[in-house]
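The values are calculated or read from the model by the stated rules, or taken from the named source; none is laboratory data. Computed from a prediction, not measured in an experiment: that's the story for all the values here. These area figures cover heavy atoms from the full protein model, side chains too; ligands, DNA and RNA do not enter into them. Shrake-Rupley method; radii C 1.70, N 1.55, O 1.52, S 1.80 Å.
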Amino acid sequence: MSPAWSDVEAAVRRMENYCFPIVQLNTTDDDEDESIFNIVGGAGRWALFQMMGHWQYTDQGFHGEINEEWFWESDQGYCCETNNILTDIEKVLRIVRKYYDTGSYAELDLIE
């Protein structure tokens, strides 16, 4: 409950797609709230998305073949397209920090 930013950052940096494949940020007490922010992956590949699919990170500058990619190898898994993957941990953290600070998806697509 109410983790410090340093705890969230440490959790994201610890992600490795098997034992620690997911971090969720929830601004409510409802574990099923549709606004939950999900970070999935690790080991150099992350996907960011809203619980109920209203927002998902998409690399607007992606130029390549779009394939399905799987994350979260130890359980139910998560699948997204190649253009939904981030490989820069610092950009991941900038986006996560913006959500952490605001609880909003409104400006996440503007983060470089």
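Taking 8 Å as the Cα distance limit and 6 or more residues as the minimum spacing, I'd like the relative contact order of the range 14-112 as a percentage.
23 percent
Computed over the alpha-carbon atoms, the chain gives an Rg to Rh ratio of 0.93, Rh here being the Kirkwood radius from the mean inverse distance.
Taking a ≥ b ≥ c as the square roots of the eigenvalues of the Cα gyration tensor, the range 1-54 is oblate, since a/c reaches 1.5 or more and a/b is not larger than b/c. If you model the range 59-112 as an ellipsoid using its alpha carbon gyration tensor, with each semi-axis the square root of five times an eigenvalue, the axes come out at 22, 16, 10 Å, biggest first.
Give the distance, in whole Å, between the Cα centre of the range 5-33 and the Cα centre of the range 50-103. Rounded to whole Å, the Cα centres lie 14 Å apart. Ligands, DNA and RNA left out, the accessible area of the chain computed with a 1.4 Å probe is 46% carbon and sulfur.
Summed over the residues of the chain and divided among them, the accessible surface reaches 60 Å² per residue at a probe radius of 1.4 Å.
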